[in-house]
């Protein structure tokens with residue numbers, strides 16, 4: 001989460017993918033970003049007013065195994 005002054009705070013989700021930021025100033029805009037080694041996510045700008053809940057992110061896979069093309073060479077003959 002990055003605020004208007006470019007101060008960034010990080011956290012990890014729980015096993016269910018839930019997360020909670022504490023001590024967030026109301027009436028401000030924040031940019032929420034997700035980092036994952038298998039998926040890419042679009043950052044979301046959020047205006048915080050009181051209790052803001054249910055900000056969900058949907059990831060797109062970086063690459064699927066069947067998208068990788070090439071030639072298999074067996075060097076053990």
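Since every read-out is calculated from the coordinates, none of them should be taken as a lab result. It should be emphasised that the depicted structure is a prediction, and the values quoted were computed from it without experimental measurement. Every residue, glycine among them, receives a Cβ derived from its backbone with ideal geometry; neighbour counts consider all protein chains shown.
Structure values in brief
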item: Over segment 1-64: Kirkwood hydrodynamic radius from C-alpha pairwise inverse distances, Å; result: 13.0
item: Paramagnetic reach from residue 56 (point 7 Å along Cα→Cβ, amide N under 14 Å) across segment 3-18; result: 17-18
item: Cα-projected label distance for residue 12 with residue 36, points at 7 Å along beta-carbon direction, nm; result: 1.6
